[in-house]
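The values are calculated or read from the model by the stated rules, or taken from the named source; none is laboratory data. No experiment lies behind these values; they were computed from the predicted model shown. As a convention, Cβ positions derive from the backbone with ideal geometry for all residues, glycine included, and neighbour counts pool all protein chains shown. Accessible surface is based on the protein model in full, side chains and every heavy atom, while ligands, DNA and RNA are left aside. Shrake-Rupley method; radii C 1.70, N 1.55, O 1.52, S 1.80 Å.
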Amino acid sequence: MPGTVPTREIYWNISGIIWMYILFLIVVIIFGWRFYQRYKLWKLGKPDARLDRIGLRLKLVFQYALGQGRVIKKKYPGLMHLLIYTGFIILTIGTILIFVEVDFTRPIFSWTFLKSTFYLYYSLILDIFGILAIGGLLLAIYRRVVMRPANLKSKKDDIVVITLFLIILLTGYVIEGLRIGVTQPAWAAWSPLGLLFSEIFSGLGMTAETMQHLHVYTWWFHLLIAFAFLAYMPYSKLFHIFTTPMNIFFQSLGAKGVLSKMELEEAENFGASEINHFSWKELMDLDACTECGRCSDVCPATTTEKPLSPMKVILDLQKYMGEVGPGFLKNKGNGGSEQKTRKMVGEAVLDEELWGCTTCRACQQACPVYIEHIPKIIDMRRHLVLEESRFPTEVTTTFKNMETNGNPWGISAEDREKWSEGLTVPKMREMNKEVDYLFWVGCAGAYDARSQKVARAIVQILNAAGVNYAILGKEETCNGDAARRIGNEYLFQILAEQNVETLNRYKFKKILTMCPHCYNTIGHEYAQFGGQYQVVHHSELLQELIKNGKIKLPKQISRTVTYHDSCYLGRHNDIYEAPREVLKSLPGLKLKEMPRHRENGFCCGAGGGRMWMEEHHPKVNHNRIEEAAELKPDVVSTACPFCSTMLSDAINETKRQESLKSEDIALLVLEAMES
Ligand code: SF4
Ligand code: SF4
């Protein structure tokens, strides 16, 4: 059994120790200086209150930073990162324990805690985690050199950090082997790799004296590399080791699909054209990026070869912050023009990158460090639309239509009720009592021929189930989702205020929507304008009506169906189960899942106002329909009018109309109700 552990005793001298601590102090100063510089850059951002619900925030840090909750979701990189991360943590703790004992508790208090059984396990654990970390680094090298995933860019920084860490680990084992060779301890077997190195050195004919000398030099080399690694960390991508827990702690805890409200009356600038127009959290995000590429792997724009890569946007903004930040700091946040070499929007980040975003949230869902991409993209779009009037030309008509007719198609507001002709559909203006559901039909349900069928199916189901409801009809106007997400906050606010005023005139328990965009905007964003409503999506109500036996489903739907998750129903609002439960309850229907489903669902390409913009090939909706077609279903079911349109278009454009249809779940339910 080991007694006192001879670590540095075999070469101990006081001047060496003093030098070691002087060097350590220098490293701490270099590290601290860099950290302070970045902190000052984050502070250039606007205020953003992120200190509510501290308990939950700490829990999330444990779950997703320490527990690597999202990192391990991807098998290969997850395992690789887990091995490196746990190795790093355990070896750091082990090293700190040695320093505490050898330089403090032993000389000051004559107290030794690295001894007996504890030391045996300590030694074994360090050996094992060192080996695991080396394994993780080898996986990282293999991935970068051989596998080379499309969105993983290898830079000099990656070579430096992998090499330094590998040298630290290997020299650690060399030191251990030399120490075992010199001291021949009885516990050597508890450090198996150290023992192996020791046997190699003995096999090479090294004497104890040679090993002792070598130990001193290797130890100093190991120490200097470790210090260099530590000092380099905040200048490299490894800075994320420190920013990740902070970023996870300060993440947004509000509803996922909400965009911030711009105070148009008081705003000094509209949107973000400079780094200090972002919030401090948005700037901290930039320094948290691990460059893992997961956001770009799942981005529909990147996948379909559009100019947008969410990782690139984050890294370009990070670089830009480094370029102009010092100028801002020099001028106390009043402008970085002296240092400025280029514009943030249009040069550091290109217009076409910003217009490629469908706001599908796949990037944010995949990001292991909870970077919030969408608010930054929308802030820069706001600048383009409101300050520069620079946006895709086809959107001009969309804005005009929303403004003058209250819908993006530009059809007369007077025609908003036409879809319901021939059906019994109560109107709110005719009701003199509270209704259970105000059915918000939305522009698509009111004007788009395909979606009109869904609106008609819904009212037929509601009538059959005896639901107490009414619609706004002509009093309804566009909810403004597309205007806000394209960046026209001014137009959005006009529409939102108008709708809130209308809604607040009536008495209803809940709002029913057939569109996830209406669901998200009315349910989460209208609160910013005094409209607090409980909103239900038609998939949820259908599920409830079926469960409670309010609607009977006698007819067999003998078809194979796959369900396409709408981004605004799924990733933005976590409604995955209700539409699936509805489909599963239809007799004879066979439900098949696409590989990308639920939170990994692939966008249809319409969100973020993209519905109203031109798209070049290859198209997002084509990519999605190819995936669906692999399953050979009869129907791709949806619960969103925009998804339905995009998928139907893709079916037609890829000439699949004979074998495949896109249908809303409400149409399938109505069909099953027919006897
Ligand atoms: S929200 Fe979707 S489209 Fe936009 S950057 Fe993220 S993944 Fe890409
Ligand atoms: S933004 Fe997030 S997901 Fe994208 S590369 Fe950076 S850390 Fe990875």
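Quick one: pull the percent of accessible area on the chain belonging to carbon and sulfur, 1.4 Å probe, ligands and nucleic acids left out.
Carbon-and-sulfur percentage of accessible area, whole number: 59.
Is the shape of segment 520-668 rounded, prolate or oblate, going by the alpha carbon gyration tensor and its root eigenvalues a ≥ b ≥ c, with a/c under 1.5 for rounded and a/b larger than b/c for prolate?
Here segment 520-668 falls in the oblate category.
Amide H of GLY570 versus every other amide H placed in the peptide plane: which residues, excluding those fewer than 5 positions away on the same chain, fall under 5 Å?
ILE575
Among HIS617, HIS524, what's the order by accessible area (1.4 angstrom probe), most exposed first?
Descending order: HIS617, HIS524.
Heavy atoms only, 1.4 Å probe, whole protein assembly: order TRP33, TRP190 by accessible area, highest first.
TRP33, TRP190
Suppose each label sits 7 Å from its Cα in the direction of the beta carbon; what would the SER675-TYR76 distance come out to in nanometres?
Between SER675 and TYR76, the simple spin-label model gives 5.8 nm.
Would you mind checking LYS319/LYS376; LYS281/LYS376; LYS590/LYS655; LYS552/LYS632 for any pair whose Cα atoms are more than 18 angstrom apart?
Too far apart for the 18 Å limit: LYS590/LYS655; LYS552/LYS632.
Determine the equivalent ellipsoid of segment 452-595 by diagonalising the alpha-carbon gyration tensor, then write out the semi-axes as square roots of 5 times the eigenvalues, largest first, rounded to whole Å.
30, 19, 12
Checking understanding here: applying a Kyte-Doolittle mean of at least 0.5 and a length along the axis of at least 27 Å (C-alpha), which whole DSSP H helices in the chain pass?
What comes out of the filter, once short or polar helices are dropped, is 14-42, 75-100, 116-142, 156-183, 208-232.
Hey, with R₀ at 22 Å, roughly what FRET efficiency would ASP436 and LYS552 work out to, going by the Cβ-Cβ distance, to 0.05?
According to the calculation, E is roughly 0.60.
According to the Cα gyration tensor, what semi-axes, each the square root of 5 times an eigenvalue, does the equivalent ellipsoid of the chain have, listed from largest to smallest in whole Å?
58, 29, 22
Hey, got the Cα dimensions of segment 149-283 along the principal axes, in Å, largest first?
Taking max minus min along each principal axis of the Cα atoms, segment 149-283 gives 81, 30, 28 Å.
Heavy atoms of the protein only, probe of 1.4 Å, neighbouring chains included. What is the accessible area of ASP415 in Å², nearest 10?
That residue has around 40 Å² of solvent-accessible surface.
Within segment 44-157, count lysine pairs with alpha carbon atoms under 26 angstrom apart where the residues are 8 or more positions apart or belong to different chains.
Eligible lysine pairs with Cα atoms under 26 Å apart amount to 11.
How far apart, in nm, are two points set 7 Å out from the Cα along the Cα-to-Cβ line at GLN528 and at GLU352?
3.0 nm
Semi-axes of the equivalent ellipsoid of segment 369-496: what are they in whole Å, largest first, if each equals the square root of 5 times a C-alpha gyration tensor eigenvalue?
Equivalent-ellipsoid dimensions as semi-axes: 33, 17, 13 Å.
Could you state the accessible area per residue of the chain in Å², with a 1.4 Å probe and every protein chain left in place?
Ligands and nucleic acids excluded, the result is 43 Å² per residue.
Not counting ligands, DNA or RNA, and with a 1.4 Å probe, what is SER260's accessible surface area in Å² rounded to the nearest 10?
70 Å²
List the residues whose amide H sits under 5 Å from the amide H of LEU591, counting only those 5 or more places along or on another chain, with H placed 1.01 Å from N in the peptide plane.
Close amide H contacts, sequence-distant or interchain: VAL561.
Helix-only estimate, please: 222 nm mean residue ellipticity of the chain, summing -39500 (n - 2.57) across DSSP H runs of length 4 or more and dividing by its residues, to the nearest 500.
-16000 deg cm²/dmol
For the pair ILE96/ILE26, report the inter-label distance in nm, with labels modelled 7 Å from Cα in the Cβ direction.
The two pseudo-label positions are separated by 2.4 nm.
What ranking of ARG381, ARG456 comes out by heavy-atom accessible area, probe 1.4 Å, highest first?
ARG456, ARG381
So for segment 379-453, if I pair up every lysine 8 or more residues apart or on another chain, how many of those pairs have alpha-carbons under 25 Å apart?
Close lysine pairs under the 25 Å cut-off: 5.
Just to confirm the filter: which GluC sites (Glu not before Pro) across segment 376-435 are DSSP coil and have at most 15 other Cβ within 10 angstrom of their Cβ?
Qualifying residues, ordered by number: GLU388, GLU421, GLU434.
Amide H neighbours of LYS46 under 5 Å, counting only residues 5+ apart in sequence or on other chains, H built in-plane at 1.01 Å?
PHE278, SER279, TRP280
What are the principal axis extents of the Cα atoms in segment 212-345, in Å, biggest first?
Taking the Cα atoms of segment 212-345, the three principal extents are 74, 40, 31 Å.
Using Cα pairs under 8 angstrom and six or more residues apart, how large is the relative contact order of segment 484-567, in percent?
Once normalised by length, the contact order is 25 percent.
Got a number for the accessible area of LYS155? Probe 1.4 Å, square angstrom, nearest 10.
90 Å²
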